[in-house]
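Structure record follows, encoded as structure tokens.
The values are calculated or read from the model by the stated rules, or taken from the named source; none is laboratory data. Values in this document were obtained by computation on a predicted structure and should not be read as measured data. FYI the Cβ positions are ideal-geometry reconstructions off the backbone, even for glycines, and counts take in every protein chain you see.
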Amino acid sequence: MPDILAELDALSRRRFLGALSMGIGAASLSQWPGGPSAAAAGLAPPPMIPKAKRVIFLCMAGGPSHLETFDHKPRLVELDGQPMPGSYTRGMPIAQLQGKELRCLGSRATFRRHGESGQSISDYLPHIATCADDIAIVNSMVTEQINHDPAHAFMNTGTILPDRPSMGSWVNYGLGSLSENLPGFVVLTSVGGRNPQPIAARQWSSGFLPSKLAGVEFHGQGDPVHYVTNPPGITTDCQSTLVDAVAELNRLRAGTTRDPEIASRIAQHELAFRMQASIPELMDITDESPETLEMYGAVPGDGSFASNCLLARRLAERGVRFIHLYHRGWDHHGGLKQYMDVCCDKCDQPTAALLKDLKRRGMLEDTLVVWGGEFGRTPMSQGGGSDPGRDHHIKGFSMFLAGGGVRGGVTHGATDELGYEAVQDVVHVRDLHATMLHLLGLDHQRLSVPHQGLDVRLTGVEPARVVREIIA
Amino acid sequence: MERLAVILASLPFVASAPGAPPPVDFTRDVRPILSRKCFACHGLDAAALEADLSLVDFASATRELAPGIAAIVPGDLDASELWRRVTDAADPMPPRRAHDPLTDSEIDTLRRWIESGASYRPHWAYVVPAEPTPGAPGEATPVDRILDGAHASLGLDSSERSDPVTLLRRLSFDLTGLPPTPAEIDAFLALPPAQRMPRTVDRLLASPHFGERLAVRWLDLVRYADTVGYHGDQEHRVWPYRDWVIRAFNEDMPFDRFTRWQLAGDLVAEADPGLPDDVRQDALVASGYNRLVQTSHEGGLQLKEYRAIYMADRVRNASEVWMAATVGCAQCHDHKYDPYTHVDYHAFGAFFADIDDEAHLRNPYDGYNTSPTRREPEMRVTTPAARERLREIERRRIEAEGSLLAIGAPTPEMEAAWERTLQSRIAEGGDRVLTWVDDTLDTGGTRSGDWTFGRDPSIPARSGSTYRTQTSEGLVQHYTVDTDRRVRVESGSVLEAWIRIDPDDPPRAVMLQAHASGSWEHRVRWGDDSIPYGRTDQDSPGYRRRGRLPATGVWHRLEIPLDEIGLPAGSRIDGVAFTQHGGKVLWDAASVRHPGPVPPEVAEAAGRPPGDRSPDARRIIEEHRRATDPVVIAIDTTIERLDAERLALESMQPTTLYTRRLDPPREVRVMPRGDWLDESGPVVEPAVPVFLGEVVRRDPDAIRADRLDLANWLVAPATEGGVGPMTARVFVNRIWTMLFGEGICPSEEDFGGQGRPPTHPELLDLLAIDFMESGWNVKRLIRRLVLTDAYARSSVPAGDTAALDPGNLHFARQARHRLDAEFVRDTALHAGGLLDTGRGGPSIKPPQPPGLYRHLNFPPRRYEPDTDRSQWRRGVYVHWQRQFLHPMLKAFDAPNRESCTATRPVSNTPLAALVLMNDPVFVAAARGLAARVLEGPSDGSAPTSDHDRLARAWRITLSRNPSDSELMVLSGLLDRARTTFEEHPENARTLVGADFTKNMHGRGVTAIEFAAWIHTCRAILNLHETYTRE
């Protein structure tokens, strides 16, 4: 059954990189992490010129309101409290507002123009606004799933069919890992904010791809990776005698059985031992300068989004391909103003700090940063009282991209005058995927894996378009 | 895969004369090319057909497309348009945009195929297995004859027989998921060689661990888990289904019944009212299969969307499990590679439209965001012991009722005496007050809380001499229940209690509560709503609001007419509870007050002299006499107690998800492009894919076919209109894969056009027919396969077979693979002597890293690991959290069970290495193994030298004796560990753990010595070989 891995490796290269056969030794070498990338192994480089080497995806789980962040809708303010025209909503999918009276809710935010580009950004995001010239805002996103769990699955895998690989796995499948000591796909979730959305480990699953490509969750608090700490009473020296003896005994066994998998087992044990040192070192941000910590607003060990943004930079520096951060507080069915304050307070400054920090280190040009939720929020209000909220909304919402070959200072696409439906330059989730892959040098039509009789792609079977307008 | 294909394609050359072209086999050589490269546009999806050309069958491919033009002209390459197009260098087929050009060898195959007449054969998987030619005389199975023949003609050297210990270890892992014990190895070797395998196979097939082993892969297929899967991933309760699967395998349930019960156990039970209770229950538990879909309990979900999702889930699963088919791929359009149409998909889904399971979708806010959550319908599952006790209760109840009837009519003297008593009581007048509690708790029954009665000299008691003082920061409750003292409620009866609220420390609320007929849902509260018990938005008998708290500093009587809290005349109270939230309250006498000296209707009836009474009046008085007769009361109390016990016992029985039929079923319409919002499609009735025939309805007059018809169709022989032989082929291939590492059809999950054809189709057919004709006997099938020579071969390749057949598709050697995740765990625990062989029941929770469930919400989750022996149970019983599977299981590739998993991948990652090195469970196993070798076996043959002890640890874990070099490495590690721990005895004390003193101390073993042995045993439990099935 190890042949499955070998076959997938072989397949990936045959179908994607050109016909090159891979022996078992080479297949073992590419077990994550530590496996050199395809290029390092002397294989052909990706077929297109990559602009980005890695991705940092900042997922605002719960679905931030586009109407309070990047999509300025004066007409909606005028209609505040008025019935939502039925022409917009008839026959459209709807979540918690099923069967309720639909009324317009004008934006709770003030919008201003920022930077030389004059991008329109709300006052909820004063720090991100200072990066206006570095980011490309997409105001015409659409997705197909209106409930959180499937919407995350759709954003991450391009489908709601089970057992499909997350985009981080796809990217590592296509490009291989750059790191000797770390997985190619790392996930960090943050504490703090309002009642958090559940996030399933499925969201970073490798699906039917080999599990070495799955996202590995690093924890900001406690053991950074499961079982990375020695058992109580075992010192590092002691552990190394174990690893040595196990390797020696495994080698003796390999001599009798000629089992090629043993070599790989030995390598994985040694790698695991190295990770026991490298991961805690990586996760310890106390060696950062006070100025840097302050820029992010990070307190070492607090597990906050700020600390995780700083960790994202450290992971990027160490060669991790895909870094996925989740902040889980953005499901604002009620108390929109209150919770926008809470969430923006947690997320705005660190996001901007990450962009600036990457930029000053020269890393922004080959690091693609993506910001957004699994969907947006309705122009209609939900709940009463002094501070109502907004329901889930999939027909139009906003995200932004930066770095990694993205053209800064542009706003792409638009919703209608009430911010309901994306009407101009619509960007579907699969278009976003195609664009991300393109920036990484991957052709979304060719990055495919045979599964259950289909050539499965991240972008699926429907046509997807690279959004060239936001590419530098 | 390409490399494999090239090598295999070259194999026939070996047997043929040099230079002779190998015959083209359509199924093996041509159809895979057409399917992979052509069918996307020239296949079965009518809507996607390009140039009006289909290549799926001979007639379509050779049809005249335009005058004088046909895609294929058999035998005439140059006249074939297909040949012209695939060799057109400027504009080749398949088009460049497909990025998947034909290879030279594929083009060559097409050439030879067209030249030789372009013959088509139906896809192998849709051809009913042929009746086998009779085997050689005395031949148990044809496996060896067929495989040996193939090896000879393919020029493959078959490996020799494994050594006996390797063979025993393989067999133990395959049949039980556990390695053999040293005693079992000795017993095996002591047998005459010819008897070793047959006798051991029988022993292992009879082991209760057999069912646990088989269940692991079946649970993967049907995606069994302990949580709902979507959004909040709440727990649901369906483990009785898991236990049923294990039991079914252990009891060798025929696979056809196994199939019927899962798909339609409810209909099986309905069709046969004569089924014994336990069989009926099992059939319903098995029908829980239909409920294993992932469900969502997320607020704001849309009913019709999830209805479509659940249907798709069921179609995908049932077709993959029983048909190895991807019918689910026809959800949005006709299947591109197999003959399943878009309508077939919906018609197949319609079989499941009678599953009643939408309560949580209809009212998502009605308390479904709890864990465990509700997923109606659920049924109680009675354990055999409870069933026995319930029968006993029923017997005793009948007995008690009998003795009630046996009480004879009173004599005239007795009647006269009683009449005098009645009249004097009426004459006395006043109410009847039955004091429940006063000064002491003498009600009998069980109690909870502080029942100390006392007195503050400054506050006299209201009744009797003492009272109870309840002081609390928050919620506090005191109750007595199942009491000997019981009160029959009459019309107008009132429950009363005296309280005195401390003026300086008043509570927020007080509550009175009564218990009757096994229920506490009878409450009344004064004050605010801070007591959560039974709290509802609307007033109800289970939560009656009675205004503010009474004045403080004085005794006050709380009272509530019992009929207002759901206790009408005739109810019997057998418990009361006193609850308060915060504050200081003195509680004095509690009682039930009946109005008048006797019930009013009795007083009225007794108003006339006995001889002058109407029949009604006589009846009323006689009933009252009986109701107050101490003998009758005693018997009534017995009956009530039995009823209460029955209720309690029944409510203690676990629940499980099962299938309840919805009548009429939901309407199923074809959803164009799979869009659930589009309701324009035609209504479809349940049907199997059209090209596979029709189901035979067991009731010819039935309006529609149902799930039981579907199940029958899956297992019925072809002569009865079923596809049984094809279903048998799917299952036999799964068992073969389990025993030989690779299927005869290597794509276990997909027998369709995009799968891989079987390497030995005649063998697969033969085994399938034999399996079906044996009465679908699973153990017999396994027994036959493991007693073959092929099974016993070494996993070390002979000659150059590793190069000729790297995937071992021809089984010239045995397979070598890592154990499944559950068996990795079991093997370590087994070596450490920790494995708890307890079976069944709620899933167990071994220790797991803290915070693993931090992302779960609705509600937030807390993981409470088991601390008793059950934490050491087998992996098959571990709690399966779909979204956050235990990291140990995950690291070893256990699937999350969101969908059907036919083949688990086998990875080799540092995360798995970290588990083996650092997971506390594996450290505990090492500790156990160290203790075992330091203690020695109980027969006194304890090894005393390091070498003997190391060898024993080795043999316990690996079944074999260590070599000298291996011993040297181990003793080197042991010595180094001794030095290390001598330098740092505090580390030794930490490693040996708290149990050390209990277990090892006093046996002359120091903490340092024990620690050194634990460390050395860790090495053995980290070896590749430990978890490898050779």
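Filter segment A:192-207 down to residues that are within 8 Å of another protein chain (Cβ to nearest Cβ) and either under 22 Å from A:D302 (Cβ atoms) or part of a loop (DSSP other than H, G, I, E, B) (or both), then give me how many there are.
Matching residues across segment A:192-207 total 7.
Identify all residues within segment B:913-924 that are more than 7 Å from chain A (Cβ to nearest Cβ) and small (G, A, S); write none if there are none.
Hit for segment B:913-924 is B:A924, nothing else.
Hey, does segment A:220-236 have a residue that's in a helix (DSSP H, G or I), more than 7 Å from chain B (Cβ to nearest Cβ) and within 30 Å of B:V992 (Cα to Cα)?
Yes.
Which condition number in (1) buried (at least 24 other Cβ atoms within 10 Å of the Cβ); (2) over 21 Å from the mean Cα position of the chain (by Cα); (3) at pLDDT 95 or above is the one that B:E270 fails?
(1)
Would it be correct to say that A:L178 is surrounded by fewer than 24 Cβ atoms within 10 Å (Cβ to Cβ) and in the same structural domain as A:H152 (by TED's automatic domain parsing)?
When the stated conditions are applied, A:L178 passes them.
Exactly one of these conditions fails for B:G232: (1) out of contact with any helix residue (DSSP H, G or I) (no Cβ under 7 Å at 6 or more places or on another chain); (2) free of Cβ contacts under 8 Å to residues at least 60 places away in the same chain. Give me its number.
Against the list (1) out of contact with any helix residue (DSSP H, G or I) (no Cβ under 7 Å at 6 or more places or on another chain); (2) free of Cβ contacts under 8 Å to residues at least 60 places away in the same chain, B:G232 comes up short only on (2).
Which of the residues that make up segment A:270-321 are surrounded by fewer than 17 Cβ atoms within 10 Å (Cβ to Cβ), assigned to a helix (DSSP H, G or I) and away from chain B (no Cβ under 14 Å)?
Scanning segment A:270-321 gives A:E281, A:T286, A:D287, A:P290, A:E291, A:T292, A:E294, A:E317.
Do you know which of the residues in segment A:423-437 that are outside any strand (DSSP E or B) and surrounded by fewer than 22 Cβ atoms within 10 Å (Cβ to Cβ) is farthest from the other protein chains (Cβ to nearest Cβ)?
Per the criteria, the residue is A:D425.
I need the full set of residues from segment B:818-840 which are at pLDDT below 95 and out of contact with any helix residue (DSSP H, G or I) (no Cβ under 7 Å at 6 or more places or on another chain), in order please.
Answer for segment B:818-840, where residues must be at pLDDT below 95 and out of contact with any helix residue (DSSP H, G or I) (no Cβ under 7 Å at 6 or more places or on another chain): just B:T837.
I'm told A:S264 meets every condition in (1) more than 27 Å from the chain's Cα centre (by Cα); (2) free of Cβ contacts under 8 Å to residues at least 60 places away in the same chain; (3) within 7 Å of another protein chain (Cβ to nearest Cβ) except one. Can you identify the failing condition by its number?
(2)
Give the residue, chosen from B:R468, B:R387, B:R447, B:R462, that is part of a helix (DSSP H, G or I) and either touching a residue at least 12 places away in the same chain (Cβ under 8 Å) or under 51 Å from the mean Cα position of the chain (by Cα) (or both).
None of the other options fit; the residue is B:R387.
Taking the criterion of being more than 13 Å from every other protein chain (Cβ to nearest Cβ), more than 15 Å from B:M379 (Cα to Cα) and surrounded by fewer than 17 Cβ atoms within 10 Å (Cβ to Cβ), would at least one residue in segment B:275-285 satisfy it?
There is at least one residue in segment B:275-285 that is more than 13 Å from every other protein chain (Cβ to nearest Cβ), more than 15 Å from B:M379 (Cα to Cα) and surrounded by fewer than 17 Cβ atoms within 10 Å (Cβ to Cβ).
For segment B:84-109, give me each residue that is modelled with pLDDT under 85 and in a loop (DSSP other than H, G, I, E, B).
B:H99, B:D100
Could we say that B:D975 is of a type outside the set (K, R), at pLDDT 95 or above, over 25 Å from B:H817 (Cα atoms) and surrounded by fewer than 17 Cβ atoms within 10 Å (Cβ to Cβ) here?
Judged against the criteria, B:D975 is a match.
Scan segment A:104-124 and give yes if some residue there is in contact (Cβ under 8 Å) with a residue 60 or more places away in the chain and either under 30 Å from B:D675 (Cβ atoms) or not assigned by TED's automatic domain parsing to the domain that holds A:E417 (or both), otherwise no.
yes
Step by step: first the residues of segment B:631-665, then only those that are touching a helix residue (DSSP H, G or I) at 6+ places or on another chain (Cβ under 7 Å) and part of a loop (DSSP other than H, G, I, E, B), then the one that is surrounded by the fewest Cβ atoms within 10 Å (Cβ to Cβ). Which residue is that?
Of everything passing the filter in segment B:631-665, B:Q653 is surrounded by the fewest Cβ atoms within 10 Å (Cβ to Cβ).
Could you grab me the full set of residues in segment B:670-725 that are surrounded by fewer than 16 Cβ atoms within 10 Å (Cβ to Cβ) and of a type in the set (S, T, N, Q)?
Hits for segment B:670-725 are B:S680, B:T719.
With the requirement that a residue be charged (D, E, K, R), closer than 26 Å to B:S458 by Cβ and in a strand (DSSP E or B), what does segment B:487-513 give you?
Across segment B:487-513, the qualifying residues are B:E496, B:R500.
Here is a list of conditions, (1) under 28 Å from A:I471 (Cβ atoms); (2) in contact (Cβ under 8 Å) with a residue 40 or more places away in the chain, and A:V342 meets all of them except one; can you say which number that is?
(1)
Of all the helices (runs of 4 or more DSSP H) wholly in segment B:110-206, which have at least 2 residues that are surrounded by fewer than 17 Cβ atoms within 10 Å (Cβ to Cβ) and within 37 Å of the chain's Cα centre (by Cα)?
Those helices (runs of 4 or more DSSP H) span B:182-190, B:193-206.
Which of (1) over 30 Å from B:C745 (Cβ atoms); (2) surrounded by fewer than 23 Cβ atoms within 10 Å (Cβ to Cβ); (3) within 11 Å of chain A (Cβ to nearest Cβ) is the odd one out, the single condition B:V906 does not satisfy?
It fails just one condition, (1).
Give segment B:347-357 a look and list any residue that's within 18 Å of B:L303 (Cα to Cα) and in a helix (DSSP H, G or I), or say none.
Across segment B:347-357, the qualifying residues are B:G349, B:A350.
Could you list, in sequence order, the residues of segment A:120-133 that are buried (at least 23 other Cβ atoms within 10 Å of the Cβ) and either under 19 Å from the mean Cα position of the chain (by Cα) or in a strand (DSSP E or B) (or both)?
Those that are buried (at least 23 other Cβ atoms within 10 Å of the Cβ) and either under 19 Å from the mean Cα position of the chain (by Cα) or in a strand (DSSP E or B) (or both): A:I121, A:S122, A:I128.
May I ask you to say which residue of A:G86, A:G99, A:G115 is at pLDDT 95 or above and not hydroxyl-bearing (S, T, Y)?
A:G115
Yes/no per residue for (1) β-branched (V, I, T); (2) in contact with an Asp or Glu (Cβ under 6 Å, 6 or more places away or on another chain); (3) outside any helix (DSSP H, G or I); (4) touching a residue at least 24 places away in the same chain (Cβ under 8 Å):
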position	(1), (2), (3), (4)
B:D243	no, no, no, yes
B:I246	yes, yes, no, yes
B:D252	no, no, yes, yes
B:T259	yes, no, no, yes
B:A264	no, no, no, yes
B:V268	yes, no, no, yes
B:Q281	no, no, no, yes
B:G288	no, no, no, yes
B:G299	no, no, yes, yes
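Of all residues in segment A:247-280, count the ones that are touching a helix residue (DSSP H, G or I) at 6+ places or on another chain (Cβ under 9 Å) and closer than 14 Å to A:P224 by Cβ.
Counting residues in segment A:247-280 that are touching a helix residue (DSSP H, G or I) at 6+ places or on another chain (Cβ under 9 Å) and closer than 14 Å to A:P224 by Cβ gives 4.
Given B:R307, B:R242, which one is in contact with a helix residue (DSSP H, G or I) (Cβ under 8 Å, 6 or more places away or on another chain) and either on the phi > 0 side of the Ramachandran plot or buried (at least 23 other Cβ atoms within 10 Å of the Cβ) (or both)?
B:R242
A quick yes/no check of all residues on (1) touching a residue at least 60 places away in the same chain (Cβ under 8 Å); (2) crowded, with 23+ Cβ neighbours inside 10 Å:
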residue: A:R361; (1), (2): no, no
residue: A:D366; (1), (2): yes, no
residue: A:Q382; (1), (2): yes, yes
residue: A:D391; (1), (2): yes, yes
residue: A:I394; (1), (2): yes, yes
residue: A:F397; (1), (2): yes, yes
